[in-house]
Structures are given as C-alpha cells and as structure tokens.
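Participant: Here's a structure for you.
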Amino acid sequence: MIYVLRSELGKMSSIASTYWSAFAAVLVSVAIGVMVAAGMMAEWASASLAERAQAESAFAPVSYSMFGVGFGLFAVLVFSAQNITSEYGTGQIRSTLAAVPNRTMLLTSKALTVFLAGIVIGLVMNVASFVAGQFILSIHDLDTTITAPGVLVGIVRGAVAVGLAGVAALAVGSLVRNTPAAIMIVFAVFYLPMFLAPMVPARVADNLDYLPSMLAVGAAAPQSEVGPETVVAPLPSLGLMVAWAVVPLAIAVVVNERRDA
C-alpha cells in the first residue's frame, strides 16, 4: 500500500496542472473573500451607529473572510477528478492496473493522495483568505486574529473539509471516467443549486448550507461564530463532508471491482 501511495504522490507532484490548480484555488478564494470583506466595509461606512451596534453583535469576521473558499474549492474538485479521468482518457490506466492489479488498493491510494493534497491546498487557501480578509476588516476594527479562540482549529478543520471534497470529486471521476462529464456532475452537485435558489421554494433554498461547497466554508468557522441563524455548525459540517466523501468513494470501489479497465 505504501509503495502505491508513493507512486501516486510522485505522479501528482510531477504534473504542472497540480500546481496551477492550487494557485487558482488560492487566487479565487482570496479574491472573492476580499471583495466580500470590502463590500461589508463599504456598507459599514455608511451605516448609522444603531445599525453598527446591531450588526457588530452578530458579526462573523472569520466567516466573512472565508466566503471565497467555497468557490476556490472548484479548482480542487477539477484537479481531483482529473487525477483519475486523465488516466482513462490517455489509456494510462491499463499500465497502472498492470502494476497495481488490486483496484481497491489503487483507488484508495488515489483517494488518500487527493485527500492529503487537498488538506495542504485547503490550509493555504484558508490562511491566505483569513489574512487578506482580516486586513480589509481591520479598516473599521472588525478583524480578529488567528490566535483568537477556535480560529486556528477552524482553519485546520476547513482544510480537512477541502480534502474530503476532493475525495468526492475523485470518486465521481472514477465512476464516469470522463473529465468533462465528471466536472459537470461535480458542478451540478456542489454549485448549481445556489444558482437555482431564486427559482425554487424557500424551504429548499434554506437548505443550501448542506451543499458540500457551503459545508467546506462552514467547517472553517470558529465555534464563537455559531448563532441562532446557523443552519449547520462547524463540527456537523465536517461530519457531513465525511459522508459526502465516503459514500461516493464506497460506490466507486464496488463499481470498479466489477468493471473492465
């Protein structure tokens, strides 16, 4: 198992798209997080003292700065799906299966590789988004620090959620074996409901926080930012992300054992 894992890590680190995907994920996360924080500061500047006092009591500085992570996550999902679909597209999967006939071991190794890479990318995304967001929020002294209670733990928890999302995308790629199809399915599951929210009943739109892209952001929030309006708390968010990763991966393992290369 360890040799297969080393091989998969070697293949991943030798592909330029791995680094471009990581760069894109961080760039999008930071850019959107900064725009959200800047928009909040613009509203704050024009707000009355009473409006500021009311908003400050429920202000969530970490969540505001992490908002872009849910969108930067898409680059991680694409990279994760391509980790296996590219091998089917080029026919390299035959050589891989010749070297590792045990398909369950192979898929598990790929899942671990994607999971570890996702955690590393997720940490960079979260830390960069946090630092940039807090810099903007500090304009009106609404920022917090990474040493504040629960902040660092939340950042790590959010990084694990990013890794789990990558495993889910890998499982989809393993099932469909086609890059465009895998990307379309992942987009449809992770993001499409958000765009359709204005066209669906309110009770459906209220459950968007259960989407994996939203759970990845929710998992990174410190416990201090959990309020009455919070739909899914940080720890349950991480637990649901485990389900989003494990269920499709288990299905992919069973299906791959019964299919030809």
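Participant: Within segment 22-45, which residues are free of Cβ contacts under 8 Å to residues at least 60 places away in the same chain and of a type in the set (Gly, Ala, Ser)?
Facilitator: Within segment 22-45, Ala24, Ala31, Gly39, Ala42 meet the criteria.
Participant: Please work out which residue is most open to solvent (accessible area, probe 1.4 Å), limiting yourself to segment 64-91 and to residues that are over 27 Å from Ala188 (Cβ atoms) and out of contact with any Phe, Trp or Tyr (no Cβ under 6 Å at 6 or more places or on another chain). It would help to see each step written out before you state the result.
Facilitator: Here is the first cut: in segment 64-91, the ones over 27 Å from Ala188 (Cβ atoms) are 64-65, 91.
Add one more test, that the residue is out of contact with any Phe, Trp or Tyr (no Cβ under 6 Å at 6 or more places or on another chain), and what stays is 64, 91.
On the way: Tyr64: 75, Gly91: 19 Å².
Checking each candidate, the answer is Tyr64.
Participant: Here's something else I'd like to know. Being at pLDDT below 90 and part of a helix (DSSP H, G or I), is that true of even one residue in segment 141-150?
Facilitator: no
Participant: On the given criteria, is Val153 farther than 30 Å from Gly91 by Cβ, open to solvent by 50 Å² or more (accessible area, probe 1.4 Å) and in contact with an Asp or Glu (Cβ under 7 Å, 6 or more places away or on another chain)?
Facilitator: Details: farther than 30 Å from Gly91 by Cβ: yes; open to solvent by 50 Å² or more (accessible area, probe 1.4 Å): yes; in contact with an Asp or Glu (Cβ under 7 Å, 6 or more places away or on another chain): no.
In short, no.
Participant: Taking Ser109 as the residue in question, decide whether it is within 20 Å of Leu9 (Cβ to Cβ) and open to solvent by 50 Å² or more (accessible area, probe 1.4 Å). So that I can check it myself, show each step before the final result.
Facilitator: Numbers: within 20 Å of Leu9 (Cβ to Cβ): yes; open to solvent by 50 Å² or more (accessible area, probe 1.4 Å): no.
For Ser109, the condition - within 20 Å of Leu9 (Cβ to Cβ) and open to solvent by 50 Å² or more (accessible area, probe 1.4 Å) - is not met.
Participant: Could I ask something else about it? Just checking, how many residues over segment 156-187 are among the polar types (S, T, N, Q) and either at pLDDT 95 or above or open to solvent by 10 Å² or more (accessible area, probe 1.4 Å) (or both)? Step through it out loud before you land on a result.
Facilitator: Initially, segment 156-187 is screened for residues among the polar types (S, T, N, Q), giving 174, 178-179.
Within this subset, residues satisfying the condition of being either at pLDDT 95 or above or open to solvent by 10 Å² or more (accessible area, probe 1.4 Å) (or both) are 178-179.
Going through segment 156-187 one residue at a time, the tally reaches 2.
Participant: So, one more: Has segment 147-156 got at least one residue that is hydroxyl-bearing (Ser, Thr, Tyr) and in contact (Cβ under 8 Å) with a residue 12 or more places away in the chain?
Facilitator: Filtering segment 147-156 for residues hydroxyl-bearing (Ser, Thr, Tyr) gives 147.
Within this subset, residues satisfying the condition of being in contact (Cβ under 8 Å) with a residue 12 or more places away in the chain are none.
Checked segment 147-156: no residue is hydroxyl-bearing (Ser, Thr, Tyr) and in contact (Cβ under 8 Å) with a residue 12 or more places away in the chain.
Participant: How many of the residues making up segment 210-229 are over 19 Å from Ala75 (Cα atoms) and either open to solvent by 50 Å² or more (accessible area, probe 1.4 Å) or in contact with a strand residue (DSSP E or B) (Cβ under 7 Å, 6 or more places away or on another chain) (or both)? Steps first, answer last, please.
Facilitator: Step one: of segment 210-229, the residues over 19 Å from Ala75 (Cα atoms) are 210, 221-229.
Pick out the ones that are also either open to solvent by 50 Å² or more (accessible area, probe 1.4 Å) or in contact with a strand residue (DSSP E or B) (Cβ under 7 Å, 6 or more places away or on another chain) (or both) and you get 210, 223-224, 226, 228-229.
The total comes to 6.
Participant: Just give me the residues in segment 1-24 being among the aliphatic types (A, V, I, L, M) and either modelled with pLDDT of 80 or more or surrounded by fewer than 17 Cβ atoms within 10 Å (Cβ to Cβ) (or both), in sequence order. Walk me through how you get there before you give the answer.
Facilitator: The first filter runs over segment 1-24 and keeps only residues among the aliphatic types (A, V, I, L, M), leaving 1-2, 4-5, 9, 12, 15-16, 22, 24.
Scanning segment 1-24 gives Met1, Ile2, Leu5, Leu9, Met12, Ile15, Ala16, Ala22, Ala24.
Participant: I would also like to ask the following. Taking segment 95-106 as the region of interest, how many residues are of a type outside the set (A, V, I, L, M, F, W, C), open to solvent by 20 Å² or more (accessible area, probe 1.4 Å) and farther than 18 Å from Ala169 by Cα? Give the steps one after another, and end with the answer.
Facilitator: Keep residues of segment 95-106 that are of a type outside the set (A, V, I, L, M, F, W, C), which gives 95-96, 101-104.
After this cut, where a residue has to be open to solvent by 20 Å² or more (accessible area, probe 1.4 Å) as well, the list is 95, 101-104.
If we keep only those that are farther than 18 Å from Ala169 by Cα too, we end up with 95, 101-102.
Of the residues in segment 95-106, 3 are of a type outside the set (A, V, I, L, M, F, W, C), open to solvent by 20 Å² or more (accessible area, probe 1.4 Å) and farther than 18 Å from Ala169 by Cα.
Participant: Could you check segment 122-150 and list, in sequence order, the residues that are open to solvent by less than 70 Å² (accessible area, probe 1.4 Å) and aliphatic (A, V, I, L, M)? Before you say what the answer is, go through the steps one by one.
Facilitator: Just the residues of segment 122-150 that are open to solvent by less than 70 Å² (accessible area, probe 1.4 Å), to begin with: 122-123, 125-130, 132-134, 136-138, 140, 142-144, 146, 148, 150.
Within segment 122-150, Leu123, Met125, Val127, Ala128, Ala132, Ile136, Leu137, Leu142, Ile146, Ala148 qualify.
The values are calculated or read from the model by the stated rules, or taken from the named source; none is laboratory data. None of these values were measured; they are calculated from a predicted model. Here Cβ is always computed from backbone atoms with ideal geometry, including for glycine, and neighbour counts include all displayed protein chains. The area values use the complete protein model at the heavy-atom level, side chains included, leaving out ligands, DNA and RNA. Shrake-Rupley method; radii C 1.70, N 1.55, O 1.52, S 1.80 Å.
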